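These notes concern the structure reproduced below.
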Amino acid sequence: MVAQDLAARGGFKPIEIETAPFVLSGWLRPGTGQTLHVYFEGDGLAWRSRTRPAMDPTPSNPVSLRLALTDPTAEPVLYLARPCQYTEGEARRGCFTPVWTHERFSEQVVAAENEAVDQIKARLAARSTALYGYSGGGSVAVLVAARRSDVVFLATVAGDLDHELWTRTHGVSPLTGSLNPADVARAVAHIPQLHVTGGADEIIPPEIADSYCARLGGAQVIRETLPGLGHDGAWEKSWPGLLSRYRSGN
């Protein structure tokens with residue numbers, strides 16, 4: 001498995017987190033310090049084609065894990081998969097195609113991801129969290145941040161931060177049953193944020209992040225667009241430098 005090999009080389013240990021109703025997979029890199037840094041994976045293999053959903057949403061290219069591996073922080077880092085990614089057998093309870101298609105950002109999904117963060121934070125006795133996400137994982141990062149009071153930094157890469165605009169842009173069915181990050185922008189406006197997009201990203205173009213950021217008002221937010229980078233680009237090459245410039249205390 002690509003993720004398993006990458007994580008092992010980076011010093012991350014596998015974990016399974018029991019939530020209601022999902023078992024979430026992840027990898028954890030120990031560290032010193034009081035902030036738990038959490039990386040949410042993207043949507044993975046949600047669809048086989050425009051009309052045919054996948055049976056297993058596990059990503060073939062775990063971009064968010066690659067970002068986590070390059071994070072220069074000495075504090076603990078958690079890579080957290082989305083429901084039904086990297087799971088087998090009994091761990092796939094609750095796994096039905098709507099979970100990774102039109103309900104990918106549902107209340108049930110967001111609550112499970114938030115619960116997982118709570119569990120690992122308590123296990124490590126951390127005091128605060130920093131949340132990151134790639135693509136649909138960026139949506140999850142924002143939605144989780146909106147229900148927490150301990151988030152000191154929020155960052156997304158090619159994030160689907162306004163899925164209502166995104167579905168209209170591509171002329172596809174709306175994500176019925178999903179919460180929209182753009183709707184909670186004001187609830188997270190107090191958190192320092194970094195939102196990075198690719199100038200050549202045709203899947204989630206920069207306008208999607210711009211729509212979200214426009215709702216933040218006078219928030220402490222940095223917007224970066226990397227020219228020539230597509231949705232599945234090598235984001236990890238630029239990631240350490242971006243964090244060094246914009247993340248306080250790095």
Under Karplus coefficients 6.51, -1.76 and 1.60, residue-wise ³J(HN,Hα) of segment 230-240 in Hz, glycine/proline x: x, 4, 9, x, 7, 4, 4, 5, 9, 5, x
When N counts the residues of segment 2-246, how does its alpha-carbon radius of gyration compare numerically with 2.2 N^0.38 Å, as a ratio? 0.92
What ranking, highest mean first, results for peptides 116-128, 134-146, 187-199 when packing means the other Cβ atoms within 10 Å averaged over each residue? 134-146, 187-199, 116-128
At 10 °C and 1.306 mPa s, grab the translational diffusion coefficient of segment 1-88 from Stokes-Einstein with a Kirkwood Rh over Cα pairs, rounded to a whole number in µm² per second. 117
Can you give me the C-alpha center-to-center distance between segment 165-186 and segment 210-240, rounded to a whole angstrom? 18
The set of cysteines in the chain having no other cysteine's C-beta under 4.7 Å reads 213
In vacuo Debye sum over C-alpha of segment 124-250, base-10 log of normalised intensity I(q)/I(0) at q = 0.11, 0.21, 0.22 Å⁻¹, listed in q order, is -0.35, -1.25, -1.35
Taking the chain as a Gaussian network, Cα atoms linked when under 10 Å apart, which of 57, 206, 174 shows the biggest mean-square fluctuation? 174
Using only DSSP helix segments of four residues or longer, with each worth -39500 (n - 2.57), what per-residue ellipticity at 222 nm results for the chain after dividing by its residue count and rounding to 500? -8000 deg cm²/dmol
Normalised contact order of the chain, rounded percent, pairs of Cα under 8 Å and 6 or more residues apart: 18
Label point 7 Å beyond Cα of residue 4 along Cβ direction - residues of segment 16-42 with amide nitrogen under 14 Å: 16, 26-27
List the residues whose amide H sits under 5 Å from the amide H of residue 105, counting only those 5 or more places along or on another chain, with H placed 1.01 Å from N in the peptide plane. 179
Test of the criteria: in segment 148-233, which GluC sites (Glu not before Pro) are in a DSSP loop and have at most 16 other Cβ atoms within 10 angstrom of their Cβ? 202
Show the residues, 5+ positions off or on another chain, whose built amide H is closer than 5 Å to the amide H of residue 36. 127, 128, 129, 130
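Coordinate-derived values only; no laboratory data. No experiment lies behind these values; they were computed from the predicted model shown. All Cβ positions, even for glycine, are placed from backbone atoms using ideal geometry, and neighbour counts span all protein chains on display.
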